Structure formats: C-alpha cells, structure tokens
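There's a structure below that I have some questions on.
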Amino acid sequence: MFSGKPFFSERTTRVLIAGLVSLSIFSCKLPVIVKKYPPNKPFVFQTNISVNGNFSNEDRDALASRLRGQLDDSLRSRAVSKVLWSVMKNPPAYDSNNVEKSIVFMRALLNSMGYFRDTITYNDTTRVVRGDQYRTTVNFDVWPGKVVTLDSIRYNIENPALQTLTKNSLNESYLKKGEPFAKATISAELDRLVDIYRNNGYMRMSRDELQGVWDTLNMALLNPSLDPFEQVKLLDSIRKSREDPKANLEIRLKPGADPNKQVKYFIGNITVYPDYSADTVDHPRKEVMVDGPRGVNVVYYRYIFKPKVFPPNIYFHRDSLYSQQKYLKTVNRFNALGAWRLTNIEQVPRKDSDTADFNIRLTPARKYSFTISFEGSRNQSLVAGNLLGLAVNTGIQDRNLGKSLNQAITNLRYGIETGRDTVTKVKFTQTRQLSFSHTIYFPRPIPYLRIIPERFKDNFRTLFSFKADLTERRELYNLNTINASWGYEYQWNETASRKKFVSIRLPNIAYSSFTSKPKLDTIFKYNPSLKNIFTDGFISSASAGYTVTDVKNNVFSLFRANFEGSGVLTGALHGKFLDTNLYRFIKVDLEFAWKRQINKSAIAFRVFGGVGYELESTVNENKRNNLPFFKQYFAGGPNSMRAWGVRKLGPGSVVKSFGTTGVPERYGDVQLEANVEYRFPVANLSGVLLNGALFSDIGNVWLLKKKAGAPEEVFNFNRLGKDLAIDIGVGLRIDFNFFVIRFDYAYKVKDPSPDPANAALQNKWFGYKWRDGDKIQLGIGYPFIL
C-alpha cells in the first residue's frame, strides 16, 4: 500500500471502482464495432460449435473448446473489450472452403480421441449492418458418436530382450481394456516403451522402430455361414458392434526395423568442456583427469571452473549401462545450476562396438547480473521492512562464486513511508529504512552427509545469509537489526502437478537495538506495559518451513507451515548478556490458500492462523509476557484486513486511542484471519486487462498471556465471535502482465477495536457511515499469495 497523496481522490476512486464493477455485473452483452472489414462482402463475425450427444456439461464444454482450437485461421475473429463496447479489427473474409478445411481438422481431432463415427454439419447466416457490413455467423453441429474402446491389447516385440522388458512393465501400461481407442494414449504408450528401452541401454531406440496395428473388423463378415441361425447371430453381432464399437491393438516392431538400433550400449569416455563457445575453439586448452584415469576428463580454455565440481553433477559413469533417465538428469542438473546458458551432451557411438563416448559442452552464462526495481508494498515483519510506500531495490548476482558453482546474491534496499500528522495535517516522511542483505547458495549439502540418499542430493542446497536493517520511525523509535543464518533447502515434485519445499535455518541469530523517541516515551508514560514489548532483543533460534503447492484442473492450492523456536537450545546457557536480552519463545504459523479458475473469473480463498508463546524460562521478566514486537503479528493493510490500516486493528476487543496517549500500532501473539474474493474481468484496454473483485475479510490479533494486557485483549475462545473483525469491499486490478496495480475499497462491517470516539459503534453491524468506516488500499500484486 502507498500512503501520502493518492493518484485519485477517494471520491473519484470510489466512483470509478463502483462503476466498473456494476458495469461488469449488470450490463448486457456489449455492442461490437467492426473496423477494416471487407465492404459488401461476407466476413466472419462469429463462429459457434455445438456438441451433441450424451455428455456432461463440463465434458461438452471441454470438447467444444478443443474443437474450436481446430478451426482454420480464416474462421477466427476476435473482439477486444473497450469497457462500454467491443472492437473487432480486420475480420477474415468468409469462404465455405475454409469451413470444409475446419471440418477435416475437427474430424482428425475426434479420431485421435477414439471417435470414428462422427457427423459434422454446419450452416451460415449473414446479417447486413449499415449497408456494407455483411456479418456472417457460422454454426457447427457436431455429433461425435460412440467412442471406440480397446477390446484386446497384445505386445509382439520380435526381440527377446526387448519383449522381456516390455512384459515386465505391463503394470505401467497406459493401454487398458475398455478404455477409449485414442491416438494420444497409444502415442503415450509407445513413448513409454521407448523410455524403458533407452533406460536399459538401448540408446538409439526410437518411436520410428515401433508401430501399432489395429482393426475393428468383425472377421465373420469375410466368411458368412449359409446356416440361417448363424446368419441371425452374425447380424446380432454386427448390431452390437455398432452400439459398442471395439478395436483390437497389437504393438510390434516395424517390418525392416534397423537392427543397429537394438544394440545395448555402455558408457565410455566422458569429456567435459566447461567454457565451450565459438570463440574458444581455436584457443590453447588444458586437460585434467578428475577422479583417476577412469573418471571425467575436463578440457578447459580459461580456468573459470574448478574441475572437481563436475563429477558430482554427472549421473552416468564410465563402464555403466546407458540410461536415458540419467542422461536427461545430467542435462537438467547443469541447466539448473545457473552457471551455464547452454548445455549440450553429444553421444558418440564407437564403430562396431557397444560403447559410446560422451562429450559435455557447456557454454557459460554471464558471471554477474544486475537488477533494479521499484515497489509499493508491505512486508511481514518490521525486521524485514514493515513499510508502506515507495522502495527501490538494487541487486547483483554472482553465478559462480569461488569458481565452484555457488551463487551469491547481494541486495540493497531503501524505502520510505509517507503520511500525514493527524493533528497538524502536515505531510511528512513517517518511516525510512535502509536494508543490506547477502546470501550465498551452495548447490550441495554442507557438510557432506552420507546418510542423505543419493536421490535427494539433486534438489538440495545449503545457504548462508546475512542481513542488516536500519529503520527510523518518525518521533517513535530507531530500530537497528543484524541477522545471520545457516540453512538448508530441499524441493521436489511429488507428482507433475504437486510440488513440495522444505527449509531449515539452524542457527538463526538476530540482534535488535531499539531506541525510543519522545513521542513513544510519552506513550510509555500512559501505557507502561508497552515498555515490555518495545525493547532490545537477542534471538538465537532454529526455524523450519514446509510448503506444498498443487495445480490441477484450474484449481491452485497452497499449504504452508512454519515453526521457529528461540532459546530452546541456548536456554541452558547463562550470562549477563543472555539473561538480559535473550528471548526464549516458540512460534507456529499455518496457512492455506485456494483458487479456482472459472473461465475468465476466479474464486480465491485463504485462511491463516499463527501463535507465539514466550517461554517462562526467559530470565528477563520484562521480556517474559510477549513475543518481541518485531516477531509479533499485526493485521490491516492491502494484504490483510483491508478496511483497517496496517497495524491498526486489535488486539481483541480493546478500545484505545491511537493518539499521543494511546497505542499508535497494534500487535499480538495470536492471529486468525480468513479472506475470500470473487474475481472477474471488466475490460481489455489495448492489451491492459481491467479486472474487478468482490471480497470479504475476517480476523484479528490477540495477546496470549493474561499478564500481557487487559482481558479484552487476551485470546479467549468464549470471546472469539465478539473479537472478530469483518469487512466487505470491491476492488479494481490493472493487469500489465508483468505486474498488477490494485485498488481495494473496503468497509468495516463489524469493528471490535474502535478508537474511543467511536466506542458506541464497537461490534455494531454496519454501524459506521460510509465516509467514516471505509478505506481505500493501493497495492502491488494480488493479495494473500494468489
């Protein structure tokens, strides 16, 4: 969110958002303006496809969408929305020959899906508009008919070794009796067999050596019996085959298949060219054998990579059986390391031999890259930069630190938060922050542990991170923080659509130096307990995170869990510094987000819960009742409870002033929040998408320990319904593809923690006047992850 002077006044923005949302919801079909059309000639204005048969609505729509993709380009016309109308430019001239081409393409698609008895008809209508516009609508009616199913499946590979591999893998076959006789399925099965052969040494085996032979012919038709009873049975068989058509399939080697491609290969010499390019081919070169005479030969022109880094990243070894899986794994590994922009592995079979040599040619990427970006956002913690406003980020990346494939990323960030004094109405800079971070990623586990299974090491990386932040809050405080951590990350794909990520930080060391200013000292005078929250602090923690993402059938879901414990291990150590400054706490966060795409619209939902507990073993009693404030939760802002400003909600149902004698910012040790949005398209303005949203947020923050505050501030299940805040709102998103600007207008439906001036409205449903209980948020990107 930005603060300070907005681009539009609040009144203008309210009218803009409300008008666009209302237009999207309540308007009828937009009129279409056609430009650059062929005058006095029929042109394609609209094409419709109707699928007939026994289909569910979802399957019918899916098939119609696939059939639409088969239309000839000359039958495609597109209109671009312009808020109040749509514009169609350069519509193609109508030609019935193009309709016939489209029918051929659609029929090919149906055949590939197992529909061999389809019927496709069409009709065209032309409507004259304004004298010289001959708008033509083409309507296709498609009857796919009965899908042909597989009746029998036979594998007849006339090579004993290949036939054995085939039979041993039949439980993984894509072909099942009773399933549709579909080209895509048969192609997938042929690809599966080729992969099995190649993973077992048959390096040169390809799809061209295999074929599928099928028939749907009732062989009795070729030799009809003169017996009338047999003729009756035959006619009944023919009738049943029409009602339930079936096909028999046999997978075999093609006649005249090349026997040289049926040779099992072993790995010979492995040579790596780590700095290969057209410019270095004629340069003097050096050769180094790594891991002994039977290892990897490294040939380099410039010493920019240490030779020892290559053997651990090559998954096939000399004298081993060739495996395509290991070959591709090696290619993907070098591509993922980031030090090279191009990877090519040449397979060189030896003449009259079952051995192949491998040449790995790697073209380096640029060693350094520089980035600069601007943003308007807020982060999750003060230490990381709890800022509303403008920020500039600069960064430099080293892709090959120490010539060992390590990546180093250094970032410098400067941000400001602007605001307006509530009393004097004078504009000022509320917050300034300078942040420096440096992270080194090692693409391997450090130290090397043999207990880690080999299959886990590919996506395993170690990282070291250092960060320093200087934050100045006008008239409130200065906060200086340093943080260093050592950690591990591992990511893997459970399925093609389901990904998992685990991170561990051990240790995670942070120290924060806090200095209060006069305005905050005055607040301490009226709220003495705040001195126990806004203090210096030392954290020696271990943290772990677990994330699961899944994308399937237009549904995206994310689950995330985080744990952090400080002083759990170091709590046994004592000393003046530790006893005075060390926070000993545990903190757990859980978050679930879900989004379902429905055509161009979407429904998004998110729920978050977090709790932190300061352990009683904390020696300093002033730090025993709360988490450190830079680890506490807060609500409000463009990515949370949008009818409240950042850190302006809660805790619980407290009524306190935000002024000089009150609490300017609200924090808690517990947070519960849920958000739901319905998103829909509004218009397309020259490629810039305008999208609308209807949303609601519910949640709050609380203190956890009774000693931390008043009863109405402390979390209590019996008060949960009373303590929850609720808002509703509408939003406008301007999507430039590479980033999204978001306006959200929210209204407080139920406010459990108003200021004293509005105490009478506490928890009163729709109690606020629209001008008093609403807020406009400006953000970058979509809220809550999705």
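The values are calculated or read from the model by the stated rules, or taken from the named source; none is laboratory data. What you see is a predicted model; the values in this text were computed from it and never measured. All Cβ positions, glycine included, derive from the backbone under ideal geometry; neighbour counts span all protein chains shown. Accessible surface is based on the protein model in full, side chains and every heavy atom, while ligands, DNA and RNA are left aside. Shrake-Rupley method; radii C 1.70, N 1.55, O 1.52, S 1.80 Å.
Suppose a student asked you for the relative contact order of region 273-319, using Cα pairs under 8 Å spaced at least 6 residues apart; what percent would you report?
Working: 49 pairs, mean separation 17.2, N = 47.
It rounds to 37 percent for region 273-319.
Follow-up question, since we're still on this one. Per the 1.4 Å probe, what fraction of the accessible area of region 652-786, in percent, lies on carbon and sulfur atoms?
Details: 3450 of 5600 Å².
Roughly 62 percent, rounded to a whole number.
Moving on. If you roll a 1.4 Å probe over region 544-591 with all protein chains in place, what percent of the accessible area is carbon or sulfur? Show your work: numbers first, answer last.
Numbers: 1630 of 2500 Å².
Its accessible area is 65 percent carbon and sulfur atoms.
Same structure again: Sort 167-178, 45-56 by packing, meaning the average of other beta carbons within 10 Å per residue, with the highest value first.
Working: 167-178: 11.6, 45-56: 14.9.
Those peptides, ordered most packed to least, come out 45-56, 167-178.
Evaluate the relative contact order of region 477-613 (contact order divided by residue number), counting alpha-carbon pairs under 8 angstrom at least 6 apart; express in whole percent.
Details: 280 pairs, mean separation 26.4, N = 137.
The normalised contact order for region 477-613 reaches 19 percent.
Nearest 0.05, what FRET efficiency do S112 and R78 give at R0 = 30 Å with Cβ-Cβ as r? Spell out each step's value before the answer.
Working: r = 26 Å, r/R0 = 0.88.
The calculated FRET efficiency here is 0.70.
Moving on to the next point. Rounded, prolate or oblate, given the Cα gyration tensor of region 564-660, with a/c below 1.5 counting as rounded?
On the way: a/c = 3.91, a/b = 1.78, b/c = 2.20.
Oblate.
Need the full-extension length gain, F266 to A561, defined as separation in residues times 0.36 nm minus the C-alpha distance. One decimal, nm. Could the numbers behind the result be given before it?
Working: separation 295, 0.36 × 295 = 106.20 nm, distance 4.57 nm.
This chain segment gains 101.6 nm when fully extended.
To continue, here is another question. Find the relative contact order for the chain and round it to a whole percent, using C-alpha pairs within less than 8 Å whose residues are 6+ positions apart. List each step's numbers first, then the result.
Values: 1773 pairs, mean separation 60.8, N = 786.
So the answer I get is 8 percent.
What shape does region 32-97 take by its C-alpha gyration tensor, where a ≥ b ≥ c are the square roots of the eigenvalues and a/c under 1.5 counts as rounded, a/b above b/c as prolate, and the rest as oblate?
Details: a/c = 3.11, a/b = 1.64, b/c = 1.89.
Oblate.
Another one. How much mean residue ellipticity at 222 nm does the chain get from its helices, if each DSSP H run of length 4 or more adds -39500 (n - 2.57) and you divide by all residues, to the nearest 500 deg cm²/dmol? All intermediate terms of the calculation are to be shown ahead of the outcome.
Working: 10 runs with 120 residues, N = 786.
The per-residue figure over the chain is -4500 deg cm²/dmol.
Now for a separate question. Within 13 Å, Cβ to Cβ, of L672, how many net charges do the neighbouring residues add up to if Lys/Arg are +1 and Asp/Glu are -1? Could you put the intermediate results ahead of the total?
Values: positive: R606, R719; negative: D589, E591, D669, E673, D697, D723.
Around L672, the surrounding residues sum to -4.
Then there's this: What distance in nm lies between label points placed 7 Å from Cα along the C-beta direction at T126 and V288?
Here the modelled spin labels are 7.6 nm apart.
Now for a separate question. May I ask you to give the percent of accessible area on region 100-224 that is carbon plus sulfur, with a probe radius of 1.4 Å? It would help to have the intermediate numbers written out before the result.
Working: 3320 of 6700 Å².
It is 50 percent, rounded to a whole number.
For N335 and S696 in one chain, what is 0.36 nm times their gap in residues minus the Cα-Cα distance, to one decimal in nm? Can you show the working numbers first?
On the way: separation 361, 0.36 × 361 = 129.96 nm, distance 4.34 nm.
Extra length from N335 to S696 when fully extended: 125.6 nm.
Using only the Cα atoms, work out Rg/Rh for region 69-218, with Rh taken as the Kirkwood radius, to two decimals.
My calculation puts Rg/Rh at 1.18.
For region 505-570, what does the alpha-carbon gyration tensor say about shape, rounded, prolate or oblate, given a ≥ b ≥ c as the root eigenvalues, a/c under 1.5 as rounded, and a/b over b/c as prolate?
Values: a/c = 4.06, a/b = 1.91, b/c = 2.13.
Oblate.
Additional query: Give the peptides 682-691, 198-207, 646-655 in descending order of average Cβ contacts within 10 Å, highest first. Write down the numbers at each step before the final one.
Working: 682-691: 15.6, 198-207: 18.9, 646-655: 24.0.
Sorting 682-691, 198-207, 646-655 by mean packing, highest first, produces 646-655, 198-207, 682-691.
Further question: Once both labels are modelled 7 Å past Cα along the beta-carbon direction, what's the L321-D352 spacing in nm?
Label-label distance for L321 and D352, simple model: 2.7 nm.
Could you rank K707, K775 by how accessible they are, 1.4 Å probe, largest area first? Walk me through the numbers on the way to the answer.
Numbers: K707 165, K775 65 Å².
In descending accessible area the options line up as K707, K775.
Pop the C-beta distance of N48 and T495 into the FRET formula with R0 = 25 Å and round what comes out to the nearest 0.05. Spell out each step's value before the answer.
Working: r = 37 Å, r/R0 = 1.47.
Once the sixth-power term is evaluated, E becomes 0.10.
Quick one: if you take sqrt(5λ) for each eigenvalue of the C-alpha gyration tensor of the chain, what semi-axes come out, biggest first, whole angstrom? Present the calculation step by step, with values, prior to reporting the outcome.
Working: eigenvalues 661, 356, 138 Å².
Calculated on Cα positions only, the semi-axes equal 58, 42, 26 Å.
Over the chain, average the accessible area per residue using a 1.4 Å probe and give it in Å², no decimals.
Per-residue accessible area for the chain comes out at 51 Å².
What nm distance separates the two modelled labels at N171 and I372, each placed 7 Å from Cα along Cα→Cβ?
Distance between label points: 6.1 nm.
Can I ask one more? Can you give the accessible area of R560, probe radius 1.4 Å, in Å² rounded to 10?
Rounded to the nearest 10, the figure is 80 Å².
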